[in-house]
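The following block contains the structure, expressed as structure tokens.
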Amino acid sequence: MIIRTFGITKKYKNLTAVDHIDLSIEEGEIFGLLGPNGAGKTTLLSMLATLLPPTEGTATVNGYDVRRDPGKIRSSIGMVFQTPSSDDILTGRENLYLHALMYGVPKEERTKRIEEALSLVDLTERAGDLVKTYSGGMRRRLELARGLLHRPKILFLDEPTLGLDPQTRQHIWDYIRRLAEEESVTIIITTHYMEEADSLCDRVAIIDHGSVKALDSPSGLKMKVGKSMIKARAERPDIDSIKRLPYVAGVSLEEGAVAITLTEAGAHLQEIISYLGVVSYVELREPTLNDVFLHITGKGIREESPQEWTEAYVRAGSG
Amino acid sequence: MDRSIREGWFWMNELWGIYALWYREVKVFLREKSRLVSSTINPLIWLVAFGGGLGASFSVGETTYQAFIFPGVLMLVVLFTTIFFGLYVVWDKKIDFFKEVLVSPLTRTSIFVGKMLGGCTDGLIQSGIIILFGPIFGITYTPYSLGITLLFVLLLAMGTTSLGLAIGSQMTSFEGFGLVQSLVIMPLFFLSGALYEIGNLPAWLGAVTYANPLTYIVDGMRGALLGISSFPMALDLGVALAYVVLLVAIGTISFERMT
């Protein structure tokens, strides 16, 4: 276990941001913290990154206790903030150089690692330009590369695609997958984008009001609470037989189509179709993480302004 | 790993980190040409317009008024450059690069030292430019006078950057900037004898002036450059050193407690 938390808790005056969370994260996995803004994800991340001291409980990161050895933890983690944290008056390469200096990357390796990191995120050609001329996506890529420069064991990504357009978001996901493969680093990612958690993460913890409401692989989560639905137009459906199938929750007729709800998501399509007879149209809808989230928390994702996030970091600086 | 090796490695990293922060500040300073130009023009206006205008009907002994206030204007340059450099840490805290610095393995003390040296360098570059203009205003340099002047500039810059960083690290918004200017910079400057002799001041003004550490810094520079001074050089240097030690200590503690 590269990260373990033991009842870790963060209380502010009249708010419990993180409420006795116990988590174990394995080495090499991409672990997602999914929840609405304000759920406590960033606070949890800040405590793991030793930017904030826990009010109660503790955590070990890479074998070190967040309360006792913050310095050692900081050397073994990389952090990519959700708001830009590169210096826009410096060039991309200069930003990486400063990072290499601050994290004690040995002198003889600096240039090599900087160039490698730049090419990993396809920024070699723009590395000599000032960061203020970069697009939002380029800047995020630079910060991803920077987070890995000192070869951390763990990389924390706080909302890595917040505010990016869908196409750029896809690109960033590709880069994150590439990093995970080529650098074999454990990645902890917070997000409130369902698709992001679904497509990137090996396991996802759904967090709401400061505690973990569910924890599994994305497909596991969907299996547990989700229901597949088959909609079909058929000439002579054997509705009674379909109803007796063990995995069928209900059958209804809607506007000449049969709607079959399944208790579990899965591969029963063939058998069901055999009871439907000649079929002219079939639609299978898989559950999404959004359905899971709605099921577990009883609501959708809340929105919050970016300003409040900045405040969270200002608070986080107190550690 | 042997304990002493590990500690040596730790200090090496801290030094590289301090270097990184210093490098960043100097790069940024040199890249923002407009700031450099405006903070050069300001003191020159003081010397040409204020010094020239008042000097037309007023001189201090054998010395022209322009030459007399030259050390004071030099101090003004350093004061403004370094205190505002320090105050900008308020801005740093909110955005961009500083988050990255705070999450790095560097200790708060190293972060403070790196910033402080960065501000010092800015102050030295800025005052160096003004020093180059000195001969126009009747200042002649000897290795001794130049050396002593630069030493005072350095000490002043170290202390004042620390003061700015200390205040800035405890502020939460820019709103306090004006207040710092009227309650800190202006009194320190005007009550330091930068613009007048302090020998025959009314008692209350004299008391305040004698309590102002900057009085001794101007006095030291003026002694070295023009041979006009009210205190022994050793006292001037001693006060300047005390100013640095006190403010660096306050700055370090403020950074440790920064939220």
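The values are calculated or read from the model by the stated rules, or taken from the named source; none is laboratory data. Quick caveat, the model's predicted, so the values are computed rather than measured. For neighbour counting, all protein chains shown are included, and Cβ atoms are generated from backbone atoms with ideal geometry for every residue, glycine included.
Give all pairs with beta carbons closer than 7 Å in which a residue from the range A:21-37 that is in a strand (DSSP E or B) meets a residue that is of a type in the set (Asp, Glu); count only pairs at least 6 apart in sequence or on separate chains.
A:30/A:202; A:31/A:202
Counting just the residues of the range B:131-146 that are part of a helix (DSSP H, G or I) and of a type in the set (A, V, I, L, M), which one comes out nearest to residue B:226 (Cα to Cα)?
Taking the candidates together, the pick is B:146.
Run residue A:281 past the list (1) away from chain B (no Cβ under 14 Å); (2) at pLDDT below 80; (3) farther than 16 Å from residue A:36 by Cα and report the number of the one that doesn't hold.
So residue A:281 meets the others, but not (2).
Taking the condition of being basic (Lys, Arg), surrounded by 21 or more Cβ atoms within 10 Å (Cβ to Cβ) and away from every other protein chain (no Cβ under 14 Å), how many residues in the range A:117-145 meet it?
1
For the range A:109-128, check the following and say yes or no: at least one residue is within 15 Å of residue A:141 (Cβ to Cβ) and part of a strand (DSSP E or B).
Within the range A:109-128, not a single residue is within 15 Å of residue A:141 (Cβ to Cβ) and part of a strand (DSSP E or B).
Could you list, ordered by first residue, the pairs with Cβ atoms under 7 Å in which the first is in the range B:240-257 and touching a residue at least 12 places away in the same chain (Cβ under 8 Å) and farther than 15 Å from residue B:109 by Cβ and the second is β-branched (Val, Ile, Thr) and in a helix (DSSP H, G or I), at least 6 apart or interchain?
Close Cβ pairs (under 7 Å, with a partner that is β-branched (Val, Ile, Thr) and in a helix (DSSP H, G or I)) amount to B:240/B:217.
Could you grab the pairs with beta carbons closer than 6 Å, sequence gap of 6+ or different chains, first residue in the range A:102-116 and at the interface with chain B (Cβ under 10 Å from one of its Cβ atoms) and surrounded by 10 or more Cβ atoms within 10 Å (Cβ to Cβ), second one among the hydroxyl-bearing types (Ser, Thr, Tyr) and part of a loop (DSSP other than H, G, I, E, B)?
A:102/B:104
If I filter the range A:166-194 down to residues being free of Cβ contacts under 8 Å to residues at least 12 places away in the same chain and under 14 Å from the mean Cα position of the chain (by Cα), which single residue comes out as nearest to residue A:31 (Cα to Cα)?
Here the residue is A:174.
Counting only residues that are within 25 Å of the chain's Cα centre (by Cα) and among the hydroxyl-bearing types (Ser, Thr, Tyr), how many does the range A:80-109 have?
3
Would you list the helices (runs of 4 or more DSSP H) that sit entirely within the range B:147-259 and hold 3 or more residues that are charged (D, E, K, R) and on the phi < 0 side of the Ramachandran plot?
The helices (runs of 4 or more DSSP H) meeting that bar number zero.
Test each condition in (1) in contact (Cβ under 8 Å) with a residue 12 or more places away in the chain; (2) over 17 Å from residue B:27 (Cα atoms); (3) within 14 Å of another protein chain (Cβ to nearest Cβ); (4) not basic (Lys, Arg) for residue A:90 and report the one that comes out false.
Condition not satisfied by residue A:90: (2).
Now a separate question. Every residue in the range A:147-175 that is of a type in the set (A, V, I, L, M, F, W, C), assigned to a helix (DSSP H, G or I) and under 17 Å from residue A:116 (Cβ atoms), please.
Of everything in the range A:147-175, just one residue is of a type in the set (A, V, I, L, M, F, W, C), assigned to a helix (DSSP H, G or I) and under 17 Å from residue A:116 (Cβ atoms), namely A:148.
In the set A:71, A:78, which member is within 12 Å of chain B (Cβ to nearest Cβ), among the small types (Gly, Ala, Ser) and part of a helix (DSSP H, G or I)?
Exactly one residue qualifies, and that residue is A:71.
Still on this structure, please answer the following. Is it the case, given these coordinates, that residue A:59 is away from chain B (no Cβ under 13 Å) and touching a His at 6+ places or on another chain (Cβ under 7 Å)?
no
Can you tell me which residue within the range B:107-117, out of those that are of a type outside the set (Ser, Thr, Tyr) and surrounded by 23 or more Cβ atoms within 10 Å (Cβ to Cβ), is farthest from the other protein chains (Cβ to nearest Cβ)?
Applying the filter and picking the extreme gives B:116.
Do we have residue B:162 as loosely packed, with under 13 Cβ neighbours inside 10 Å and under 27 Å from residue B:25 (Cα atoms) here?
In short, no.
Please work out if residue A:136 is closer than 30 Å to residue A:290 by Cβ and under 17 Å from the mean Cα position of the chain (by Cα).
No.
When the residues of the range A:230-256 are filtered to those that are at pLDDT below 80 and among the charged types (D, E, K, R), which remaining residue is surrounded by the fewest Cβ atoms within 10 Å (Cβ to Cβ)?
Looking at the filtered set, the residue picked out is A:255.
Also, I was wondering about something else. Where in the range B:1-106 are the helices (runs of 4 or more DSSP H), entirely inside, with at least 3 residues that are in contact (Cβ under 8 Å) with a residue 40 or more places away in the chain and within 14 Å of chain A (Cβ to nearest Cβ)?
Of the helices (runs of 4 or more DSSP H) lying wholly inside the range B:1-106, those with at least 3 residues that are in contact (Cβ under 8 Å) with a residue 40 or more places away in the chain and within 14 Å of chain A (Cβ to nearest Cβ) span B:3-31, B:89-94.
While we're on this one: Looking at A:180, A:259, A:205, A:197, which is the one that is surrounded by fewer than 16 Cβ atoms within 10 Å (Cβ to Cβ) and hydrophobic (A, V, I, L, M, F, W, C)?
Unique residue meeting the criteria: A:259.
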